[in-house]
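The values are calculated or read from the model by the stated rules, or taken from the named source; none is laboratory data. The structure presented is a predicted model; accordingly, all values stated were derived computationally and were not measured. Note that we place each Cβ from the backbone using ideal geometry, even for glycine, and neighbour counts take in every protein chain shown. Ligands, DNA and RNA are stripped out before the accessible areas are found, and what is left, the full protein with its side chains, is counted by its heavy atoms. Shrake-Rupley method; radii C 1.70, N 1.55, O 1.52, S 1.80 Å.
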Amino acid sequence: MTYLVDTNVLLETALRRQHWESARNFLGSVPSRELAISTFTLHSLGFFLIRRTPEVFDAIVADVVNRAIPVLEIAPASLNRVSRAAREHNLDFDDAFAYTVAEMHNLTIVSFDSDFDHSPRGRTTSAKILEAIERGESSG
């Protein structure tokens, strides 16, 4: 695993928002073994999509399962790390959760959310990864 894919990357693709093509190309270009999502991301997608477009949620879940993309969790006993990350890096809960998962597994956060930019881990975007792939650099 190399990249923790943030919720907004999957939503961009699913809902064809502003960065959807870059997000789609990233997800299609990077091997599944280099990707991961958090349990919070999967649940957030369900929360956001179930009433609007449940078939989109089902398709995302099927893709995660079919591609064997790891879904990483934080044990309840370690949730204090999320709270600490929120306080130390001025992140809201979902960003602190992603930050903590990335920290626990030494992953690069892929997100369109600039809130990560002020944290020690930072973030990258799907476009930056695609540019590196086009230059012949390893995606991992």
Can you give the helix-only mean residue ellipticity at 222 nm for the chain, where every DSSP H stretch with n ≥ 4 adds -39500 (n - 2.57) and the sum goes over all residues, rounded to the nearest 500 deg cm²/dmol? -16000 deg cm²/dmol
Once the principal axes of the Cα atoms of region 57-100 are found, what is the range along each, listed largest first in whole angstroms? 36, 20, 13
When the scattering of region 64-140 is computed by the Debye formula from its Cα atoms alone, each counted once and equally, what is log10 I(q)/I(0) at q = 0.11, 0.13, 0.15, 0.17 Å⁻¹? -0.33, -0.46, -0.59, -0.73
Toward the positive end of the charge dipole of region 34-127, about the Cα centre and with charges on Cβ (Lys, Arg +1; Asp, Glu -1), which of 64, 44, 80 goes farthest? 80
If 118, 19, 43 are ordered by their accessible area, calculated over protein heavy atoms with a 1.4 Å probe, which sequence runs from highest to lowest? 118, 43, 19
Treating only the Cβ of Lys, Arg, Asp and Glu as charged (+1, +1, -1, -1), what charge dipole size does region 31-140 show about its Cα centre? Round to the nearest 20 debye. 180 debye
Report the one residue of 91, 35, 132 whose Cα lies farthest in the direction of the positive end of the charge dipole of the chain (charges on C-beta: Lys and Arg +1, Asp and Glu -1; origin at the Cα centre). 35
Accessible area expressed per residue, the chain, with surrounding protein chains retained (probe 1.4 Å, Å²): 54 Å²
Going 7 Å from the Cα of residue 68 in the Cα-to-Cβ direction, what parts of region 19-59 have a backbone nitrogen less than 15 Å from that spot? 31-36
Compute the Rg/Rh shape ratio of the chain: radius of gyration over Kirkwood radius, all on alpha-carbon atoms. 0.95
If I build a Gaussian network model for the chain, linking alpha-carbon pairs within less than 10 angstrom, which residue out of 13, 108, 53 has the largest mean-square fluctuation? 53
Taking a 1.4 Å probe, which of 129, 50 shows the most accessible area, and what order do the others take after it? 50, 129
